[in-house]
Amino acid sequence: MTQSNAARVIVVGGGPGGLAAAGVLARGGMDVTLLEAGAYPRTRLCGEFLSPDAEASLAALGAPGLADRLGAPHLRAVRVTVASRGRQQAALAAALPRPGRGVSRVDLDAQLATAVRAAGADVRERTRVRAVHTDAAGVVVEARAATLSADALVVATGRLARPAGARDDVPRTRRWVGVKLHVRGPRLPGVTELHFVQGAYVGLNEVSRGGERCVNVCALATQDYWDDAGGAVPALLAALAAASPAFGEHWRRAGPALGDGAVAAGFSFARRGATCAPGVSSAPGVPGVPGVRPALVCGDAAAAITPLCGDGQAMALAMGAAAARELLARRGAGGGLGAEAVRAAARAFSRRASRETGLRLVAGRALQAALLHPAAAIPLVRLAAAARCLPAWLYRVTRGPLTDRSGA
């Protein structure tokens with residue numbers, strides 16, 4: 001239960017990052033409103049590999065042991081193939097240093113929203129944000145049905161657009177298309193697979209969805225590959241099945257898709273920053289100018305890690321929890337959050353996010369770039385298969401939780 005004088009925080013976006021921030025803030029006694037444009041349960045583009053690094057964040061927001069309760073399969077091994085000219089040229093099979101879990105976003109987000117509501121947050125579905133702005137008194141969020149004010153703002157709107165007024169100056173020079181389907185048919189007990197061809201790759205692993213197991217098929221392609229394949233989901237997956245014998249074998253066994261698929265187009269993996277300056281309502285300013293309250297940005301809205309790393313969900317959860325802890329640590333004696341406290345929290349969170357995600361983001365982009373070109377991918381995968389320590393090292397360097405060094 002929040003107290004009447006508790007600091008007010010608005011979280012925009014109800015994916016793992018936003019839900020983690022809202023849950024930790026509410027459990028810490030703040031007055032939290034989370035605004036989600038869609039409605040739970042809903043499908044989201046995601047590889048649906050839940051790294052073991054996620055467990056601490058799940059516990060912090062009030063959902064410990066969630067993967068067990070959902071009956072999520074353990075993913076203990078990885079298989080990687082590289083194909084060129086329609087033939088498999090290299091393959092790798094290795095145990096994962098720490099098993100992950102296969103959890104559908106249909107289940108995960110809905111269960112997290114339930115936990116966040118139980119923690120005391122006001123979770124509003126079907127509430128699309130039109131604009132945000134700030135002044136010395138706080139932040140103002142204009143949604144479709146209401147205008148809300150708060151002491152602080154957390155932005156967790158995913159890899160696409162931020163709310164109007166939340167500046168995003170990163171140029172989108174490299175564009176990608178991602179697609180995702182749930183199917184029955186392929187048998188992948190305990191293994192996550194990645195199949196690479198020139199300009200695209202597809203991942204598969206078993207997940208729990210509504211109490212049953214199915215297979216998540218998630219592909220990422222350059223815009224050129226997508227266009228050349230025909231610019232449609234069936235055409236893209238058919239092209240990948242023709243180019244990769246290993247994926248083709250699974251795809252021939254796949255039955256009709258379960259529920260809705262997901263497509264995201266025109267996004268990039270450029271780091272966009274862990275803070276942003278909402279539009280200023282009464283005076284010009286940026287985060288470095290007194291009186292302006294920067295928003296804390298978490299999840300893919302701040303930095304999207306390449307999906308082959310399997311760390312996106314865990315990283316979003318950890319960033320959301322870390323953003324919440326920075327705000328909680330700077331409450332005043334009466335429980336409020338002034339402009340300088342919000343600015344201090346934003347500075348500390350930005351430093352932490354840069355320090356603790358920088359290496360894995362760079363490593364993920366470099367690894368993806370290499371694996372999408374067979375001339376580099378074939379020797380790399382063959383080397384990894386021969387040097388058994390290399391897969392474990394690559395796993396470690398592309399993940400790791402944001403640690404809580406604040407003591408909050």
Exercise. TYR40 fails exactly one of the following numbered conditions: (1) closer than 17 Å to ALA322 by Cα; (2) in contact with a helix residue (DSSP H, G or I) (Cβ under 9 Å, 6 or more places away or on another chain); (3) of a type outside the set (D, E, K, R). What is the number of that condition?
Worked result: (1)
Exercise. If only one of ARG396, ARG388 is over 15 Å from the mean Cα position of the chain (by Cα), closer than 30 Å to ARG85 by Cα and surrounded by fewer than 20 Cβ atoms within 10 Å (Cβ to Cβ), which one is it?
Worked result: ARG388
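Quick check: is even one residue across region 221-241 in a strand (DSSP E or B), within 25 Å of the chain's Cα centre (by Cα), polar (S, T, N, Q) and under 26 Å from ALA95 (Cβ atoms)?
Of the residues in region 221-241, the ones in a strand (DSSP E or B) are 221-222.
Filter once more, so that each one left must be within 25 Å of the chain's Cα centre (by Cα): 221-222.
Adding the requirement that they be polar (S, T, N, Q) leaves 222.
Retained after the next criterion (residues that are under 26 Å from ALA95 (Cβ atoms)): none.
No, region 221-241 has no match at all.
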Exercise. ARG187 versus (1) farther than 21 Å from ARG365 by Cα; (2) surrounded by 13 or more Cβ atoms within 10 Å (Cβ to Cβ); (3) basic (Lys, Arg): which is the lone unmet condition?
Worked result: (2)
For this session: Name the single residue, out of those in region 258-289 being at pLDDT 85 or above, among the aliphatic types (A, V, I, L, M) and part of a loop (DSSP other than H, G, I, E, B), that is surrounded by the most Cβ atoms within 10 Å (Cβ to Cβ).
Result: ALA274
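Report yes if some residue within region 348-369 is exposed (fewer than 15 other Cβ atoms within 10 Å of the Cβ) and not in a helix (DSSP H, G or I); otherwise report no.
No, because not a single residue in region 348-369 is exposed (fewer than 15 other Cβ atoms within 10 Å of the Cβ) and not in a helix (DSSP H, G or I).
May I ask you to list the residues in region 56-68 that are in contact (Cβ under 8 Å) with a residue 12 or more places away in the chain and not hydroxyl-bearing (Ser, Thr, Tyr)? First the steps, then the outcome.
First, pick out the residues of region 56-68 that are in contact (Cβ under 8 Å) with a residue 12 or more places away in the chain: 56-58, 60-63, 66-67.
Listed by number, the residues that qualify are ALA56, LEU58, ALA60, LEU61, GLY62, ALA63, LEU66, ALA67.
Of the residues that sit in region 18-52 and are charged (D, E, K, R) and open to solvent by 20 Å² or more (accessible area, probe 1.4 Å), which one is farthest from ASN205 (Cα to Cα)? Steps first, answer last, please.
Filtering region 18-52 for residues charged (D, E, K, R) gives 27, 31, 36, 42, 44, 48.
Applying the additional criterion that residues be open to solvent by 20 Å² or more (accessible area, probe 1.4 Å) yields 27, 31, 42, 44.
Working: ARG27: 33, ASP31: 38, ARG42: 19, ARG44: 16 Å.
By that ranking, first place goes to ASP31.
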For this session: Could you tell me whether any residue of region 312-321 is of a type in the set (A, V, I, L, M, F, W, C), on the phi < 0 side of the Ramachandran plot, touching a Ser or Thr at 6+ places or on another chain (Cβ under 9 Å) and surrounded by fewer than 21 Cβ atoms within 10 Å (Cβ to Cβ)?
Result: no
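Quick check on ALA56: is it more than 21 Å from the chain's Cα centre (by Cα), open to solvent by 10 Å² or more (accessible area, probe 1.4 Å) and at pLDDT below 95? Full working, then the answer.
Values: more than 21 Å from the chain's Cα centre (by Cα): no; open to solvent by 10 Å² or more (accessible area, probe 1.4 Å): yes; at pLDDT below 95: yes.
Taking the combined requirement at face value, the residue does not satisfy it.
Considering region 92-114 alone, what residues qualify as being small (Gly, Ala, Ser) and open to solvent by 50 Å² or more (accessible area, probe 1.4 Å)?
Restricting attention to region 92-114, the residues satisfying the condition of being small (Gly, Ala, Ser) are 93-95, 100, 102, 104, 110, 113.
Passing the criteria: ALA93, ALA95.
Within region 14-32, count every residue that is outside any helix (DSSP H, G or I) and within 11 Å of GLY120 (Cβ to Cβ).
Step one: of region 14-32, the residues outside any helix (DSSP H, G or I) are 14-15, 28-32.
Subset that is within 11 Å of GLY120 (Cβ to Cβ): 28-32.
Adding up the residues that qualify gives 5.
So which residues in region 67-91 are part of a helix (DSSP H, G or I), open to solvent by 20 Å² or more (accessible area, probe 1.4 Å) and not basic (Lys, Arg), if there are any at all? Full working, then the answer.
Our first condition is that a residue be part of a helix (DSSP H, G or I); within region 67-91, this holds for 67-69.
Filter once more, so that each one left must be open to solvent by 20 Å² or more (accessible area, probe 1.4 Å): 68-69.
ASP68, the sole residue that qualifies.
For the subset of region 117-138 comprising residues that are of a type in the set (A, V, I, L, M) and over 25 Å from the mean Cα position of the chain (by Cα), which member is farthest from TYR40 (Cα to Cα)? Explain how you work it out, then say what you get.
We begin by selecting, within region 117-138, every residue of a type in the set (A, V, I, L, M); these are 118-119, 121, 123, 129, 131-132, 136-137.
Keeping just the survivors that are over 25 Å from the mean Cα position of the chain (by Cα) gives 136-137.
Details: ALA136: 35, ALA137: 33 Å.
Per the stated criteria, the residue is ALA136.
The values are calculated or read from the model by the stated rules, or taken from the named source; none is laboratory data. Because the structure is predicted, anything quoted here is derived from the model rather than measured. A quick note on method: Cβ atoms are made from the backbone with ideal geometry, for glycine too, and the neighbour counts reach across all protein chains shown. Areas reflect the complete protein model, heavy atoms only, side chains present, ligands, DNA and RNA absent. Shrake-Rupley method; radii C 1.70, N 1.55, O 1.52, S 1.80 Å.
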